[in-house]
Amino acid sequence: MPHDGWHPHDHDHGHDHHHAPPPTRRLVLAAATFLPFGAASAQSADAARRIADQANRFLASLDEGQRQRVLIAYDSAGRLDWHYIPRNRSGLGLGDMKPAQADAARALLASVLNEQGLRLVDGVRFLEGVLREQQGSWRDPGRYFLSLFGVPGRFPWGWRFEGHHLSLNVALPADGHVAVTPFFVGAHPATVRDGPNKGFRLLGASEDLARQIVSGLSDAERRTAVIADRSFGEIVASPQREQDLGQPRGLELAAMSGSSRQLVEALLDRFLATLTADLVAAQKRRVTEQGLERFRFAWAGSLQPGQAHYFRIQGPATLIEHDNTQNDANHIHSVWRDLAADFGRDALADHYRRQPHR
């Protein structure tokens, strides 16, 4: 029988979980940082070495056929072909890994994610198991795939971990630069409505906090923050659709009261603070570089719990989106993107300018 993930474990209550259940298999996810627009730091150089070491340990655990499935050229178009729908994917799936190989894959993901981030991915795969019980075996917690692009430790290189409702895209375009966006996480059902895990909400705390923000605004502030009466039905910056965002909309943090602004910062942290400590620090510098007061909070749809809604936090580069519309507002799509540095593209361009490749 194929191994479908990491070993079972006791599941903690996660940062963004309500009534968190014990996922049947331990899973991991990596989350990210980027240092675009600025010099590489010593911390990020250390992180890059740590990530490369774990990637090489994972490769060493594979047989030759598995390595051929996992290793893909860095300049392959497939590196940019990310998505979160159920579909065929490149790389090696958890269900095709032996236990020791799956543990090595977990160690790679854990090289960029903290325990909160790992629990988040555990939750995505747990919900895939819930869907399997409801919809059949085509929903498979083992169908989450790891692909490596380029050669670990030789810049540029990177990797992706992806399956239904999860896409983590890691790029190391040059020494000291680590990018991990686009980073998509979905939750279906958003609230488990029956069975032993009734009440589990993988992304519930983020949703509740965003609702607290919009509800606490003054009437004048809310008129600016609410950008549509109906939710959009999907995140706007889905794959290859970044241009559909248009100009930033919503209420600037500079125009918010101190308490509302603090809540928006806390909401940002729910998405960004899934990283190891060194990468969290780098990402917070990234936000500071953009000027937090220039970020905007936007809402669309109903203000009533249980009704379809959408929210967004957008800075000059950083973008967070969350939509809960499908399946009677019980199906969340959320994404963290860097519109200037997804896939490490800004640092990669600088790398090629400084070190021309023939």
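Does region 70-85 hold any residues that are in contact with a Phe, Trp or Tyr (Cβ under 9 Å, 6 or more places away or on another chain) and either within 19 Å of R241 (Cα to Cα) or part of a helix (DSSP H, G or I) (or both), and which are they? Write out each step before concluding.
Of all residues in region 70-85, those in contact with a Phe, Trp or Tyr (Cβ under 9 Å, 6 or more places away or on another chain) come to 70-76, 78-80, 82-84.
Passing the criteria: V70, G78, R79, L80, W82, H83, Y84.
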Handout entry: Verdict on R270 being more than 20 Å from the chain's Cα centre (by Cα) and either charged (D, E, K, R) or outside the structural domain of F232 (by TED's automatic domain parsing) (or both)
Key = no
Handout entry: Selection within region 300-324 - of a type outside the set (D, E, K, R), within 19 Å of the chain's Cα centre (by Cα) and not in a loop (DSSP other than H, G, I, E, B)
Key = Y310, F311, I313, Q314, T318, L319, I320, H322, N324
Problem - Neighbours by Cβ (under 6 Å, 6+ apart or cross-chain): first from region 129-154, free of Cβ contacts under 8 Å to residues at least 40 places away in the same chain; second surrounded by fewer than 19 Cβ atoms within 10 Å (Cβ to Cβ) - result: R132/R139
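Give the residue, chosen from G250, G176, G186, that is assigned by TED's automatic domain parsing to the domain that holds A77, at positive phi and surrounded by 15 or more Cβ atoms within 10 Å (Cβ to Cβ).
Working: G250 fails: assigned by TED's automatic domain parsing to the domain that holds A77; G186 fails: at positive phi.
Going through G250, G176, G186 in turn, just one is assigned by TED's automatic domain parsing to the domain that holds A77, at positive phi and surrounded by 15 or more Cβ atoms within 10 Å (Cβ to Cβ): G176.
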Handout entry: Matching residues in region 218-245 - criterion: being modelled with pLDDT of 95 or more, surrounded by 12 or more Cβ atoms within 10 Å (Cβ to Cβ) and of a type in the set (D, E, K, R)
Key = E221, R222, R230, E234
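Among the residues of region 84-94, is any among the polar types (S, T, N, Q), outside the structural domain of L272 (by TED's automatic domain parsing) and without any contact (Cβ under 8 Å) to a residue 60 or more places away in the chain? Talk me through it step by step, then tell me what you get.
Just the residues of region 84-94 that are among the polar types (S, T, N, Q), to begin with: 88, 90.
Narrowing further to those that are outside the structural domain of L272 (by TED's automatic domain parsing): 88, 90.
Next, only the ones that are without any contact (Cβ under 8 Å) to a residue 60 or more places away in the chain stay: 88, 90.
Yes: one or more hits.
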Exercise for the section: Report, by residue number, each residue of region 94-126 that is outside any helix (DSSP H, G or I) and surrounded by fewer than 21 Cβ atoms within 10 Å (Cβ to Cβ). Expected result: K98, N114
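The values are calculated or read from the model by the stated rules, or taken from the named source; none is laboratory data. Fair warning: this is a prediction, and the values are worked out from it, not measured in the lab. Neighbour counts run over all protein chains shown; Cβ positions are idealised from the backbone, glycine included.
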